[in-house]
Each structure stands twice: as structure tokens, then as C-alpha cells.
Amino acid sequence: MLDKFERFVAEPEIVEMKEKMLVIEANIKEAAEELTWGAFLEWELLWAGR
């Protein structure tokens with residue numbers, strides 16, 4: 001059973017899909033960091049404006 005799975009994940013289409021998913025994951029992480037940083041800066045500006 002594991003051998004079947006290993007062959008499946010080694011297929012070019014699956015390898016390509018995994019690579020695309022890794023790029024998407026990296027983009028999501030980067031966007032989340034930017035949103036977090038943006039929210040922090042906005043909070044700092046609001047706090048400074050008090």
C-alpha cells in the first residue's frame with residue numbers, strides 16, 4: 001500500500017501540484033506577516049495619536 005502511495009506522489013503532476021502548494025503556502029505566510037505588521041503599526045499610530 002505504501003509503495004502505491006509513493007508511486008502516486010512521485011508522479012509529475014503530483015510533484016508539480018506539491019510545488020505550487022508550497023509557493024501558495026509561502027505567499028499566505030508572507031501576507032499574514034504583512035497583515036500582522038500592518039495591524040501593529042496601525043495600533044502604534046492610534047496609540048501615539050491619543
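Given only helices, namely DSSP H runs of n ≥ 4 each adding -39500 (n - 2.57), what is the per-residue ellipticity at 222 nm of the chain, to the nearest 500 deg cm²/dmol? Write down the numbers at each step before the final one.
On the way: 2 runs with 45 residues, N = 50.
Computed mean residue ellipticity for the chain: -31500 deg cm²/dmol.
For the chain, count all C-alpha to C-alpha pairs, find those more than 13 Å apart, and express that count as a whole percent of the total.
Roughly 70 percent, once rounded to a whole number.
Could you name the lysines whose alpha carbon sits less than 28 Å from that of LYS4, not counting residues in the same chain fewer than 8 places away?
LYS18, LYS20
Every number here is computed from the coordinates shown, using simple stated rules; none is lab data. Everything numeric in this text was worked out from a predicted model, so none of it was measured.
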